[in-house]
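Worksheet for the structure shown next.
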Amino acid sequence: MRMAWKAAAAGLIFASLAAQAHEYKAGDLTIEHPWARPTAGPNMLGAAYMTLKNGGKEAETLESASSPDAEMVMIHQNIQGANGVMEMRHVEGGITVPPGGTVALQPGGYHIMLMGLKHNLEEGQRIPLKLTFAHAGNVDVEVKVEKKPEAASSMHEH
Ligand SMILES: [Cu+2]
């Protein structure tokens, strides 16, 4: 009984943390709301999204990412190919955020591809992700797994 009560209490603490603003700062860089959609089935592929804000005077570049929960992590972009079909491409050189600029990683555009996931992503989970920037270096974030409507991704844009 005592163990069960403790587990319930830990769950409450987790829930209250999850409700807080979800952003990370590294120097002049702000990483807003890293998230991913739940996954299902055998292909073990996921995509993480977030907004990168550069409050500094120099360009910043997201060069790479990694996660203990995925065998391989790559920066991808969805591009409409010559035949009109959306294609995913590896982004050579990473994603550069100009000084004072904002770049959104969102469905249909830039994303961080999680390949060889070690488990499916379930709503409410948080997945560790290490982002490597040209200036800020490594920044550890947690990717929140949630079902998010398409329109919500533009809410942060001003
Ligand atoms: Cu991709």
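The values are calculated or read from the model by the stated rules, or taken from the named source; none is laboratory data. Here the structure is a predicted model, which is why all the values come from computation and not from measurement. For neighbour counting, all protein chains shown are included, and Cβ atoms are generated from backbone atoms with ideal geometry for every residue, glycine included.
Out of all the residues in segment 52-95, which are under 19 Å from residue 128 (Cβ atoms), away from the ligand (no atom under 16 Å from the Cβ) and part of a strand (DSSP E or B)? Within segment 52-95, 52, 63 meet the criteria. Scan segment 79-98 and tell me whether some residue there is under 14 Å from the mean Cα position of the chain (by Cα) and of a type in the set (S, T, N, Q). No, the conditions are met nowhere in segment 79-98. When residue 139 is tested against (1) modelled with pLDDT under 95; (2) touching a Leu at 6+ places or on another chain (Cβ under 8 Å); (3) of a type outside the set (D, E, K, R), exactly one condition is not met: (1).
Given the condition more than 16 Å from residue 36 (Cβ to Cβ), of a type outside the set (A, V, I, L, M) and without any contact (Cβ under 8 Å) to a residue 24 or more places away in the chain, answer yes or no: does some residue in segment 91-114 qualify?
The initial filter retains those residues of segment 91-114 that are more than 16 Å from residue 36 (Cβ to Cβ), namely 91-103.
Now narrow it down to the ones that are of a type outside the set (A, V, I, L, M): 92-94, 96, 98-102.
So of that shortlist, the ones also without any contact (Cβ under 8 Å) to a residue 24 or more places away in the chain come out as 92.
For segment 91-114, residues more than 16 Å from residue 36 (Cβ to Cβ), of a type outside the set (A, V, I, L, M) and without any contact (Cβ under 8 Å) to a residue 24 or more places away in the chain: present.
Output the residues belonging to segment 113-134 that are closer than 22 Å to residue 90 by Cβ and touching a Gly at 6+ places or on another chain (Cβ under 9 Å). Within segment 113-134, 113, 114, 115, 117, 121, 127, 132, 133, 134 meet the criteria.
Conditions tested, residue by residue: (1) modelled with pLDDT under 95; (2) over 18 Å from residue 143 (Cβ atoms); (3) surrounded by fewer than 16 Cβ atoms within 10 Å (Cβ to Cβ).
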site	(1), (2), (3)
4	yes, yes, yes
10	yes, yes, yes
18	yes, no, yes
24	no, no, no
61	no, yes, no
68	no, no, yes
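For segment 34-51, the tally of residues that are buried (at least 17 other Cβ atoms within 10 Å of the Cβ) and either more than 14 Å from the ligand (Cβ to nearest atom) or over 18 Å from residue 131 (Cα atoms) (or both) stands at 5.
Spot the failing condition for residue 101; the list is (1) modelled with pLDDT under 95; (2) away from the ligand (no atom under 15 Å from the Cβ); (3) over 24 Å from residue 40 (Cβ atoms), and only one is missed. It is condition (1) that residue 101 fails. Do we find that residue 132 is in a strand (DSSP E or B), at pLDDT 95 or above, more than 14 Å from the chain's Cα centre (by Cα) and over 23 Å from residue 37 (Cβ atoms) in this structure? When the stated conditions are applied, residue 132 does not pass them. Only residues that are assigned to a loop (DSSP other than H, G, I, E, B) and farther than 16 Å from residue 136 by Cα were counted across segment 96-117, and they come to 4.
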